[in-house]
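The values are calculated or read from the model by the stated rules, or taken from the named source; none is laboratory data. Remember, predicted model here, so these are calculated numbers, not experimental data. Every residue, glycine as well, gets a Cβ built from its backbone with ideal geometry; the counts of neighbours run over all protein chains shown.
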Amino acid sequence: MDFNIDAKYDACAFSALTPYPGTLTWYEMKKAKRIVSFDWSMYDQGHVVFRPAQMSADDLRIGLDNAYGRFYSTSSIGSRFPLRGKRRRAQWLIYNLFMRKASRTENIESIAAPTAEPDVAPMPPILPVKREWRSAVLEAAGGPGPHMS
């Protein structure tokens, strides 16, 4: 947060890692049994759908809330206000105040409820195609296993 504020970024957005189905991250987390929700409507970068490795899901959401709170605090907005340059100051201020209000009023149930794993897995990622994932997906679908070429 200190870096973002010191760099005087106009705006920052923060989100929870979302291991989208079909990505390598999703397959790796699924293999490690860290995916807790298979409710695809919760895969929106606002809900925690996996079990973080070194913190609780609550800690992750609290951290995101704190990041928004610090970046859009009155002191941060004041220190980042563009005094020089060609930026439109009124537009900049309105946007920052809007983000400040939105971060305080957003009421998302941030941790997705655990759900049962579906029978059908999403399509595997196209690039890069890892041999072990291709093999695991085909094996799960009843096709060739680790012995495939």
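Observations
- Filter result for Tyr9 (buried (at least 17 other Cβ atoms within 10 Å of the Cβ) and in contact (Cβ under 8 Å) with a residue 12 or more places away in the chain): no
- Any hit, segment 68-77, residues being among the polar types (S, T, N, Q), exposed (fewer than 13 other Cβ atoms within 10 Å of the Cβ), over 16 Å from Tyr9 (Cβ atoms) and out of contact with any Leu (no Cβ under 8 Å at 6 or more places or on another chain): yes
- Some residue of segment 79-98 being within 13 Å of Ala11 (Cα to Cα), in contact with a Gly (Cβ under 8 Å, 6 or more places away or on another chain) and at pLDDT below 90: no
- The condition of being of a type in the set (Gly, Ala, Ser) and surrounded by 17 or more Cβ atoms within 10 Å (Cβ to Cβ) holds for only one of Ala32, Ala57, Ala53, that being Ala57.
- Condition check for Asp44: surrounded by fewer than 16 Cβ atoms within 10 Å (Cβ to Cβ) and in contact with a strand residue (DSSP E or B) (Cβ under 8 Å, 6 or more places away or on another chain): no
Yes/no matrix, rows are residues, columns are (1) closer than 24 Å to Phe3 by Cα; (2) assigned by TED's automatic domain parsing to the domain that holds Pro19; (3) aromatic (Phe, Trp, Tyr):
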site: Asp39; (1), (2), (3): no, yes, no
site: Val49; (1), (2), (3): no, yes, no
site: Tyr68; (1), (2), (3): yes, yes, yes
site: Ser73; (1), (2), (3): yes, yes, no
site: Gly78; (1), (2), (3): yes, yes, no
site: Arg84; (1), (2), (3): yes, yes, no
site: Leu93; (1), (2), (3): yes, yes, no
site: Phe98; (1), (2), (3): yes, yes, yes
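- Lys86 vs. criteria exposed (fewer than 15 other Cβ atoms within 10 Å of the Cβ) and in contact (Cβ under 8 Å) with a residue 24 or more places away in the chain: no
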